[in-house]
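Trainee: Dumping the structure here so I can ask a few things about it.
The values are calculated or read from the model by the stated rules, or taken from the named source; none is laboratory data. Nothing here was measured: the structure is a model prediction, and the numbers come from that model. Backbone-built Cβ (ideal geometry, glycine too); neighbour counts: all protein chains shown.
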Amino acid sequence: MLAGLYSTFGPANEVLKIVETDLPEPSKGQVRVKLMTSGVNPSDYKMRLGSRPLTHPFQIPGSDGAGIIDAIGEGVTKSKIGDRVWVFNAAYHRPFGTSAQYTVVDEWMAEPLPKQLNFEQGACLGIPVMTAYQCLFADGSLHGQTIYVVGGAGVVANYAIQLAKWGGAKVITSVSSQEKALAAQLAGADEVINYRTQDVVQEILRMTQQQGVDRVIEVDFGKNLSTNTQILRPGGTCVMYAFTTQPELPLPMMGLMVKNITYKFTLVYSISPTERQKVLSGISQWLSESNPICNIAAKFDLDDIIKAHELVESGNKIGHVILKISHLM
């Protein structure tokens with residue numbers, strides 16, 4: 001099969017290559033997926049740059065993708081062959097990610113793809129949607145709450161807006177441009193703040209009658225620590241799922257203690273099996289009751305995986321970057 005892979009860490013144009021490699025075979029409890037699409041996430045380029053050590057001689061990047069199960073291992077129901085699925089976690093401590101014609105994953109990593117969604121949409125459902133769901137619903141219902149989603153045009157944040165509205169919450173978000181404001185509004189945001197031209201703290205307190213928000217979904221813990229401490233209502237929660245730098249910061253202890261604020265940290269790759277099942281069940285219900293907006297910024301052929309990685313790494317996009325693989329079949 002053809003696969004994009006790397007064997008050493010470094011820039012995309014130096015280490016990523018398209019090679020012919022052996023077709024993987026599923027072991028006990030595994031399925032093989034003939035991939036039609038692959039989603040390229042920030043974690044993919046961060047892994048390529050060395051955020052985690054290589055655990056195998058090579059790494060095919062790509063946690064997320066969509067395709068058709070074409071082979072199964074021992075213990076997997078035979079009727080699964082031919083099922084349309086979306087795949088997640090394929091590259092987490094495993095060599096066979098989704099930037100290839102085929103991947104082999106444990107059965108639980110391949111979820112049924114609803115009939116109304118195509119394979120490009122399926123490649124969007126993995127880590128971004130799962131992260132958004134876990135950040136929002138890990139502590140229960142959001143009904144009647146006010147949620148602040150930082151950077152509402154970002155991939156995870158945009159799904160957080162959609163999911164929070166589905167869950168019965170009011171959503172405030174922040175963006176840096178009119179184009180990004182439109183993406184947030186289309187996702188369902190009730191209020192949009194341009195953080196380049198408006199004071200986020202003043203605006204959120206005004207919008208909430210000085211009460212603050214119940215929950216913050218945060219993409220950059222260190223940068224916004226002071227802001228979030230001020231805008232959270234007493235007993236509120238801030239959930240951080242990413243950071244642009246790895247800061248060692250003094251905490252505003254008095255502000256946090258006085259308001260009994262909780263800070264939580266989420267990495268959806270490593271949540272417990274029980275948590276993961278709740279996330280997958282919730283996403284399945286959301287998909288059955290909603291029409292998800294999957295913003296796709298660009299599509300590349302597998303041959304252009306270098307360009308795909310470079311675009312995601314640049315941050316100059318609104319939405320997903322998708323690799324098209326079906327044309328190679």
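Trainee: Report those strands (runs of 3 or more DSSP E) wholly inside the range 1-97 carrying at least 3 residues which are without any contact (Cβ under 8 Å) to a residue 40 or more places away in the chain.
Mentor: Qualifying strands (runs of 3 or more DSSP E): 17-20.
Trainee: Out of the residues in the range 173-208 that are more than 20 Å from the chain's Cα centre (by Cα) and within 18 Å of His143 (Cβ to Cβ), state the one that is surrounded by the most Cβ atoms within 10 Å (Cβ to Cβ).
Mentor: Out of the qualifying residues, it is Thr208.
Trainee: Among the residues of the range 100-114, which ones are in a strand (DSSP E or B) and not aromatic (Phe, Trp, Tyr)?
Mentor: Once the filter is applied, which keeps residues that are in a strand (DSSP E or B) and not aromatic (Phe, Trp, Tyr), the range 100-114 yields Ala100, Thr103, Val104, Val105, Asp106, Ala110, Glu111, Pro112.
Trainee: For the range 95-112, which residues satisfy the criterion of being over 17 Å from the mean Cα position of the chain (by Cα) and of a type in the set (A, V, I, L, M, F, W, C)?
Mentor: Listed by number, the residues that qualify are Phe96, Ala100, Val104, Val105, Trp108.
Trainee: Run down Val87, Val76 and say which single residue is over 24 Å from Asn291 (Cα atoms) and crowded, with 18+ Cβ neighbours inside 10 Å.
Mentor: Val76
Trainee: Taking Ser79 as meeting all but one of (1) under 17 Å from the mean Cα position of the chain (by Cα); (2) modelled with pLDDT under 95, write down the number of the exception.
Mentor: Going through (1) under 17 Å from the mean Cα position of the chain (by Cα); (2) modelled with pLDDT under 95 one by one, Ser79 breaks only (1).
Residues are listed down the side, and each one gets a yes or a no for (1) within 30 Å of Val19 (Cβ to Cβ); (2) surrounded by fewer than 18 Cβ atoms within 10 Å (Cβ to Cβ):
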position	(1), (2)
Thr103	yes, no
Met109	yes, no
Leu113	yes, no
Val129	no, no
Gly140	no, yes
His143	no, yes
Tyr148	no, no
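Trainee: If we only count helices (runs of 4 or more DSSP H) wholly inside the range 237-329, which ones have 1 or more residues that are at negative phi, modelled with pLDDT of 95 or more and not polar (S, T, N, Q)?
Mentor: 273-289, 305-314
Trainee: Can you pull out the residues in the range 1-29 that are in contact with a helix residue (DSSP H, G or I) (Cβ under 7 Å, 6 or more places away or on another chain) and either aliphatic (A, V, I, L, M) or under 14 Å from Tyr45 (Cα atoms) (or both)?
Mentor: Selection gives Leu2, Gly4, Tyr6, Thr8, Phe9, Ala12, Asn13, Val15, Leu16, Ile18.
Trainee: Considering Arg48, Arg32, which residue is surrounded by 15 or more Cβ atoms within 10 Å (Cβ to Cβ), out of contact with any helix residue (DSSP H, G or I) (no Cβ under 9 Å at 6 or more places or on another chain), assigned by TED's automatic domain parsing to the domain that holds Glu120 and of a type in the set (D, E, K, R)?
Mentor: Checking each option against the conditions leaves just Arg32.
Trainee: Select the strands (runs of 3 or more DSSP E) contained entirely in the range 115-203, then report the ones holding at least 1 residues which are farther than 30 Å from Gln277 by Cα and touching a residue at least 12 places away in the same chain (Cβ under 8 Å).
Mentor: Per the criteria, 170-175, 191-194.
Trainee: Still on this structure: Scanning for something free of Cβ contacts under 8 Å to residues at least 60 places away in the same chain, surrounded by fewer than 19 Cβ atoms within 10 Å (Cβ to Cβ) and aromatic (Phe, Trp, Tyr), does the range 238-257 turn up at least one residue?
Mentor: yes
Trainee: Still on this structure: Step by step: first the residues of the range 209-223, then only those that are buried (at least 16 other Cβ atoms within 10 Å of the Cβ) and touching a strand residue (DSSP E or B) at 6+ places or on another chain (Cβ under 6 Å), then the one that is modelled with the lowest pLDDT. Which residue is that?
Mentor: Top of the filtered list is Phe221.
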